[in-house]
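The values are calculated or read from the model by the stated rules, or taken from the named source; none is laboratory data. Please read these numbers as outputs of a predicted model, since none were measured by experiment. Glycine gets a Cβ as well: all are built from the backbone with ideal geometry, and neighbour counts include every protein chain shown. In case anyone asks, the SASA skips ligands and DNA or RNA and just uses the protein heavy atoms, side chains included. Shrake-Rupley method; radii C 1.70, N 1.55, O 1.52, S 1.80 Å.
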Amino acid sequence: MDHPFHVHGTQFQVIERVRDGKVAKPAYLAWKDTVNVARGETVRLVIRQEQPGARMYHCHILEHEQLGMMGIVDVRA
Ligand SMILES: [Cu+2]
């Protein structure tokens with residue numbers, strides 16, 4: 001199933017999607033805070049961090065988040 005991946009306190013650009021060995025580049029770059037990740041897909045991001053500190057990331061489906069699809073990015077100066 002799909003997973004709407006979200007990062008708190010910053011934005012990112014999707015630079016590449018990989019699925020079944022096929023690499024796809026986006027038609028254009030845009031700043032986002034959520035991206036859908038399809039089953040079996042890898043999504044590569046460039047994340048902008050301008051302040052040090054902890055940032056939470058998680059799947060936006062609450063049941064997935066409760067089951068552990070979340071974590072912390074520790075940004076250091
Ligand atoms: Cu999910």
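For residues that are within 12 Å of the ligand (Cβ to nearest atom) and more than 17 Å from residue 13 (Cβ to Cβ), tally how many sit in the stretch 37-59. Selection size over the stretch 37-59: 4.
Among residues of the stretch 27-52 being farther than 11 Å from residue 3 by Cβ and assigned to a strand (DSSP E or B), the one that is least open to solvent (accessible area, probe 1.4 Å) is 45. One residue is enough: does the stretch 55-63 have a residue meeting the conditions open to solvent by less than 90 Å² (accessible area, probe 1.4 Å) and in contact with a helix residue (DSSP H, G or I) (Cβ under 9 Å, 6 or more places away or on another chain)? Checked against the condition, which is being open to solvent by less than 90 Å² (accessible area, probe 1.4 Å) and in contact with a helix residue (DSSP H, G or I) (Cβ under 9 Å, 6 or more places away or on another chain), the stretch 55-63 yields at least one hit. Output the residue which, of all residues in the stretch 60-75 that are part of a strand (DSSP E or B) and over 15 Å from residue 12 (Cα atoms), is farthest from the ligand (Cβ to nearest atom). Looking at the filtered set, the residue picked out is 74.
Residues of the stretch 6-26 being β-branched (Val, Ile, Thr) and either crowded, with 16+ Cβ neighbours inside 10 Å or not in a strand (DSSP E or B) (or both), which ones? Matches in the stretch 6-26: 7, 10, 14.
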